[in-house]
Amino acid sequence: MRALVVIDGEHYAPVVRDALAALPHEVVAAWVAGGTEKLVGGEDYGVPVVAGLEAGIAEHEPELVVDLSDEPVLGPRERFRVASRVLALGLPYAGPDFRFDPPAFEPFPLPSLAVLGTGKRVGKTAVTGHLARLLAREREVVVVAMGRGGPPEPELAEARPSLERLLELSRQGRHAASDYLETAALAGVPTIGCRRCGGGLAGSTGESNVLAGAALAAERAPDLVVFDGSGAAIPPVVVDARILVTSASQPVEVATGYLNAYRILISDLVVVTGQASGPLREAIAEVKDVPVVPVELRPRPTEPVAGRRVAYFSTAPPFAHETLAGHLSERYGAEVVHVSGNLARRDALRAELERVDPDVYLVEIKAAAIDVVAETALARRRELVFADNELVGEGVDERLLALVPEVAVK
């Protein structure tokens, strides 16, 4: 296998030359990542030395990049950055006790976009729903969504699923708040639900049926298909553009470090939910010169709640609860008696429900929304209203529409 090797100046050249010769690969070039301590001038490594990693890969066309460097030139942070750069070029990156393989992306015949995240609870599904509604104004759109609770075979939600339908699914033992059901219910576009299990550092899944879901979407021949990732797992298809969603509440070193740098490198737009701080913007720019759009997520009831005593159930962190309550009061006239962020924590959620008795249960379609909150509202003969997450941000629609392939532009 043809290999480009990463080396450094902290090793003597004869040591490196012998190590290169011992590799079970055809070494086509070496890239010196840095370090000068053991450079004396005129080093001969027995192979061509390239000035830059990307340029060397383009010139010598290796099938693998092997790392024979070490600290202090490439510490853990720097090494993950190099790994991201290599994976973004579609090559494996291996060292003495590690190997990273790039996710595989299968061809897809229709105009398409993908939405992926830097982790769970960053607002990715809200961005997907907003994007789908925006695009569906002038074109036929299908969403393919994968989730950890998706169906065993790809399943089409043709119309907005009702509360009764979601309760029926829940009582059958299904995950009735899966991302595809949330998107279908709130965005109102045909959505194909898929499942996945496991997630690698670069976004590959252990198992998924997304490719079968993609084939089902292609059969419908829409103008555009939107692929929705799951957590940090990336839809395994070739698309025209990718939108990466991260959260201002994630540590900067997580949002832009490790192999999230790879996610930035393969994306065409970064949407930040929350206030995009200067350090976050700077860290993204260090990885790639890519547009960054900050947005706020605000709950939007799908039915009127003015003048009603409302309990709002979400996955929002505690620091956001007061802001969310104020928004529901000022924008929609609700009398907010309780805000919960415990949809993903059933024991805490049930304890809250014992203490709360509103007129309206306002709930995000996530986690325990149906099997716990909706069942409680039904048992108490109270109204249940779904809440969408509205994206509020300057220029976000323009940035999203700019990614639409020309063949899908209306």
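The values are calculated or read from the model by the stated rules, or taken from the named source; none is laboratory data. No experiment lies behind these values; they were computed from the predicted model shown. Cβ placement follows ideal geometry from the backbone for every residue including glycine, while neighbour counts extend to all protein chains displayed. Just the protein is used for accessible areas: all its heavy atoms, side chains included, with ligands, DNA and RNA removed. Shrake-Rupley method; radii C 1.70, N 1.55, O 1.52, S 1.80 Å.
From the C-alpha gyration tensor of segment 129-201, pull out the three semi-axes of the equivalent ellipsoid (sqrt of 5λ each), sorted largest to smallest, in whole Å.
Taking √(5λ) for each Cα gyration eigenvalue gives 21, 17, 9 Å.
Work out the FRET efficiency for Asp101 and Ala212 from their Cβ-Cβ distance, taking R0 = 22 Å, and round it to the nearest 0.05.
About 0.50, to the nearest 0.05.
Using a 10 angstrom cutoff on alpha carbons, build the Gaussian network for the chain and name the most mobile of Gly46, Gly333, Gly278.
The residue that fluctuates most here is Gly278.
Kindly state, to the nearest 0.05, the FRET efficiency for Glu54 paired with Arg160, given R0 = 41 Å and r defined as their beta-carbon distance.
According to the calculation, E is roughly 0.35.
Write out the GluC sites (Glu not before Pro) in segment 51-106 meeting two conditions: DSSP loop, and at most 14 other Cβ atoms within 10 Å of their Cβ.
Listed in order of number, the matching sites are Glu63.
Highest mean first, how do 367-378, 18-29 rank when packing is the count of other Cβ atoms within 10 Å averaged over residues?
The packing order, highest mean first, is 367-378, 18-29.
Starting from the Cα coordinates of segment 257-392, work out the convex hull volume and express it per residue in Å³.
Dividing the Cα hull volume of segment 257-392 by its residue count gives 126 Å³.
At what distance in angstrom do the alpha carbon centres of segment 309-347 and segment 261-299 lie from each other?
Taking the Cα centre of each part, segment 309-347 and segment 261-299 sit 26 Å apart.
Divide, for segment 66-105, the radius of gyration over alpha carbons by 2.2 N^0.38 Å, where N is the residue count.
For segment 66-105, the normalised Cα radius of gyration comes out at 1.13.
Within the accessible area of the chain, what % is carbon and sulfur when the probe is 1.4 Å and the other protein chains stay in place?
Exposed carbon and sulfur together represent 50 percent of the surface.
Arg77 versus Gln172, label points 7 Å from Cα toward the beta carbon: distance in nm?
Spacing of the two 7 Å Cα→Cβ label points: 5.0 nm.
Once the Cβ-Cβ distance between Glu330 and Glu37 is put in as r, and R0 is 56 Å, what FRET efficiency do you end up with, to the nearest 0.05?
0.35
For the pair Cys197/Asp44, report the inter-label distance in nm, with labels modelled 7 Å from Cα in the Cβ direction.
Simple spin-label model gives 5.7 nm for this pair.
How far apart, in nm, are two points set 7 Å out from the Cα along the Cα-to-Cβ line at Glu63 and at Val337?
Result for the modelled spin labels: 6.8 nm.
Within a Cβ distance under 13 Å of Glu61, other residues only, what is the Lys/Arg minus Asp/Glu net charge?
-3
Before I look further, what does segment 306-406 give for accessible area per residue, probe 1.4 Å, in whole square angstrom?
48 Å²
Can you compute the charge dipole magnitude of segment 132-205 about its Cα centre, using +1 on each Lys and Arg Cβ and -1 on each Asp and Glu Cβ, nothing else charged? Give it in debye, rounded to the nearest 20.
In debye, rounded to 20, segment 132-205 gives about 180.
Please list, by residue number, everything in segment 302-326 whose backbone N is under 12 Å from a paramagnetic label point 7 Å out along Cα→Cβ of Arg382.
Residues 309-313 qualify, since their backbone N sits under 12 Å from the label point.
What are the ³J(HN,Hα) couplings of segment 301-318, residue after residue, when phi is run through the Karplus curve with 6.51, -1.76, 1.60 and θ = phi - 60°? Round to Hz, x for glycine and proline.
Along segment 301-318, the couplings run x, 7, 9, x, 10, 4, x, 9, 7, 10, 10, 9, 10, 8, 10, 5, x, x Hz.
Compute the distribution of all C-alpha to C-alpha distances in the chain, in bins of 10 Å from 0, and list the percent of pairs in each, rounded to whole numbers.
Pairs per bin, as whole percents: 5, 21, 27, 22, 13, 8, 4, 1, 0.
Over segment 34-120, with a single point scatterer placed on each C-alpha, what log10 of the ratio I(q)/I(0) does the Debye formula yield at q = 0.12 1/Å?
-0.51
Over segment 1-108, with the other protein chains present, what is the accessible area per residue in square angstrom, probe 1.4 angstrom?
Heavy-atom accessible area per residue stands at 50 Å².
Mean shadow of segment 222-305, computed from the convex hull of its alpha carbons, in nm²?
The Cα convex hull of segment 222-305, projected and averaged over all directions, gives 7.5 nm².
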